[in-house]
1. Working only within the stretch B:174-198, note down all residues that are in a loop (DSSP other than H, G, I, E, B), free of Cβ contacts under 8 Å to residues at least 40 places away in the same chain and either facing chain A (nearest Cβ under 8 Å) or under 30 Å from residue A:382 (Cβ atoms) (or both).
2. Name every residue in the stretch B:147-172 that is surrounded by fewer than 19 Cβ atoms within 10 Å (Cβ to Cβ) and either small (Gly, Ala, Ser) or within 12 Å of chain A (Cβ to nearest Cβ) (or both), in order of residue number.
3. Would the stretch B:273-280 turn up any residue that is without any contact (Cβ under 8 Å) to a residue 40 or more places away in the chain, out of contact with any helix residue (DSSP H, G or I) (no Cβ under 8 Å at 6 or more places or on another chain) and within 14 Å of chain A (Cβ to nearest Cβ)?
4. Helices (runs of 4 or more DSSP H) wholly in the stretch B:54-168 with at least 2 residues that are among the polar types (S, T, N, Q) and within 24 Å of residue B:194 (Cβ to Cβ) - which ones?
5. Looking only at the stretch A:79-96, which residues are more than 18 Å from residue B:281 (Cα to Cα) and at the interface with chain B (Cβ under 7 Å from one of its Cβ atoms)?
6. I need the full set of residues from the stretch B:233-250 which are buried (at least 18 other Cβ atoms within 10 Å of the Cβ) and within 24 Å of the chain's Cα centre (by Cα), in order please.
7. Any chance you could count how many residues in the stretch B:115-152 are farther than 19 Å from residue B:262 by Cα, touching a helix residue (DSSP H, G or I) at 6+ places or on another chain (Cβ under 9 Å) and of a type outside the set (S, T, N, Q)?
Amino acid sequence: MKKIISLLLVLVMVVALGAFSASADAVKVGLITLHDENSTYDNNFITATQEACAKMGAELVIKTGVSEGEDCYEVACDLADDGCDIVFADSFGHEDYMIRAAKEYPEVQFLHATGYQAQIVNLDNFHDAFASIYEGRYLAGVAAGLKLQEMIDNGVLTDANYDENGNVKVGYVGAYTYAEVISGYTSWFLGVRSVVPNTSMKVTFTGSWYDETAEKEGANTLIADGAALLSQHADSMGAPTACETAGVPDVTYNVPTGDACPNTYVIYSRINWAPYVEYAIQCVTDGTAIDTDWVGTFATDSVQVGSIGAAAAAGTEEKLEEVKAQLLSGELHVFDCSTFTVNGETLTAENNEHVVDGYFAESASQSAPYFDLQIDGISLLNTVF
Amino acid sequence: MKNKEPLFHIVKRDDLPLTKVWAIRLIAIALALILCSVVTVLLTKLNPLDVFNAVIKGAFGSKRKTWVTMQNTSVLLLIALAVTPAFRMRFWNVGGEGQILMGCWAAAACMITLTDKVPEWLLIVLMIVASIVCGALWAAIPAYFKAKWNTNDTLFTLMMNYIATQLVACFAIIWENPKGSGTIGIINNASEFGWIQIGNKYLLPIIVALVMTIATYIYLNFTKHGYEIAVVGESERTARYIGIKVERVMIRTLLLSGGVCGLVGLILVAGINHTLTTTLAGGRGFTAVMVSWMSHFNPFTMILTSFLLVFLNRGASEIATTFSLNTSFSDILTGIIIFFIIGCEFFIRYRISFHGNAKKREG
């Protein structure tokens, strides 16, 4: 009798162990975000990672509100201790701390968005990623240009909307004078100008990635200055709500704001992080190496432009399809040097190392944006940040 | 019903025996936990036992978590110890946050500007001196104004926090790396030049906190300075009458208070984070005020109190992760518990006597 019981017990244990190891096979992903889902930036990461993990059958642990300090290192190590195979951090300032954690846990893959150090530190398990979002920004800019043209045609603009050179004024609320932001507003502006050639833009900076009050104030300053249309690269709802209050069309980033701003929301662009997370999970499952520095594109579905709002001009969707096809085929380049000047001069391969075949090759040598030039037609209201 | 006396009276208690005091506190914590359970079940439909389990796991789930809990407790304890002498004197120093940040700033400034220019031992000495001096100055400015012109200590120290935060924000941009990012990153990441560590990287604040606890206890209870502080706190007039130079005591005590905050800043930058951001103090300058108060300015009780707050805080963030709840939910739970803990002090100091009860006593 005793033997049978012990046999049964052993059987139960074996089955239990089997079941346990089966569930342990699932890849476990840990996501570290700077703020929580109330920030449009972090929300973009949270939803994408959830989506990717659901699709790939991976387990997900999310740590929100992790500051850009030792906290990030401790949380990353905690996640590794908890059995995560992949730890993904979303904020630029997390990078140094992620690298330290990566050195300590060589068997865990550490992914970092927006960083630039993966190519430098050369660790097998630390990876950077970004997307060619400047292409998405450009498309969003084209949609903004169409809207602007519609406003011109309908005679909505007043004298206040034109600068002394007869250019239509548009505005942009940015976070810092950082390459990611500069690349973003320049490509957006080039998109606008491809439709309405006589456009000038003013950019104001908030000195924070998330500061609802400062973003709102920045937007209001631009609107008071006569901006006919706005866009932003800062993560709160500050600028979109300011635009809705003032009735100024707005192109958003990361999340569509059509629900909160039905009258002024035009279009949004975002980096879709789901393909990257899926790719990383697949690599871990297959035991293959993850790219040191991964660039997402239209082709990987990492760059998304869409949710065209009610305020958008008629025919926006068709026009965007057309321009996107040109970008995909290589017929059109966002930073085509013939479309802009820097201090009155055209960029050439001689005066800029990134210029290839007459265009500035963004996202080619590094995933994180590096276009940080000040092109003519854009003026910065404050550059302290 | 012609007798319009209120239903109950609030009566000041005589000093309760310590056992009773702790009994009341334990009851309060138990009640808080029960309310937390009810709120958890109502709002999230989760099993409260699982939730409490997660709290413990959050603080002690692994060796690393245990160390971090101890480290955080030590930092909070140190700040509480720093503000206590001023509080004893009834000088409401709510500027711990700013004093810490100035200490952080000074340490980072030394690391960034002097690396490779001086030997490491000299750099560390300079960092220690600079942090303590900066923290002390940041506290001494409001103390001087209060001593000279009787300005409001609470408002003044509070305002100094904002100045410190903006200064740090400004320097985060001056020293930013890479340009435009608004972050400094880890200072001397490769060389670890000027990093202060004792053996295990969590140990430094723990040791400093233990030494400071004993030192503060002795300073407050067994020295002439401590006595002067107590007298000034009881009554400035008495202090003047018996010949204590109140202004001097005020400035001296705040120099000390700010100096210890500066030391915490040094530990945060050179010992723990190795970077400079406006969020390094993370509100702990204010939490420490609560720790000091709840412990009735007793350094040893502060060990327990700071541990309790850190434990709850870490547990709360674990709840948020484990059950995919927003961190706001853990803030709700922490809020409930702190509300009960502070609220129970009322029952320690006062007795509620109901109408009937009071009559009996009179009779």
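1. B:176, B:177, B:178, B:179, B:180, B:181, B:182
2. Those that are surrounded by fewer than 19 Cβ atoms within 10 Å (Cβ to Cβ) and either small (Gly, Ala, Ser) or within 12 Å of chain A (Cβ to nearest Cβ) (or both): B:166, B:169, B:170.
3. Checking the stretch B:273-280: at least one residue is without any contact (Cβ under 8 Å) to a residue 40 or more places away in the chain, out of contact with any helix residue (DSSP H, G or I) (no Cβ under 8 Å at 6 or more places or on another chain) and within 14 Å of chain A (Cβ to nearest Cβ).
4. Where helices (runs of 4 or more DSSP H) fall fully within the stretch B:54-168 and carry at least 2 residues being among the polar types (S, T, N, Q) and within 24 Å of residue B:194 (Cβ to Cβ), they are B:63-88, B:96-114.
5. A:81, A:92, A:96
6. Residues satisfying the conditions are B:233, B:249, B:250.
7. Qualifying residue count, the stretch B:115-152: 6.
A quick yes/no check of all residues on (1) more than 14 Å from every other protein chain (Cβ to nearest Cβ); (2) farther than 21 Å from residue A:270 by Cβ; (3) crowded, with 24+ Cβ neighbours inside 10 Å:
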residue: A:176; (1), (2), (3): no, no, yes
residue: A:179; (1), (2), (3): no, no, no
residue: A:182; (1), (2), (3): no, no, yes
residue: A:186; (1), (2), (3): no, no, yes
residue: A:191; (1), (2), (3): yes, no, yes
residue: A:197; (1), (2), (3): yes, yes, no
residue: A:220; (1), (2), (3): yes, yes, no
residue: A:229; (1), (2), (3): yes, no, yes
residue: A:239; (1), (2), (3): yes, no, yes
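The values are calculated or read from the model by the stated rules, or taken from the named source; none is laboratory data. Quick caveat: nothing in here was measured; it's all calculated off a predicted structure. Don't worry about glycine lacking a Cβ; one is built from the backbone with ideal geometry, like all the others, and counts go over all protein chains shown.
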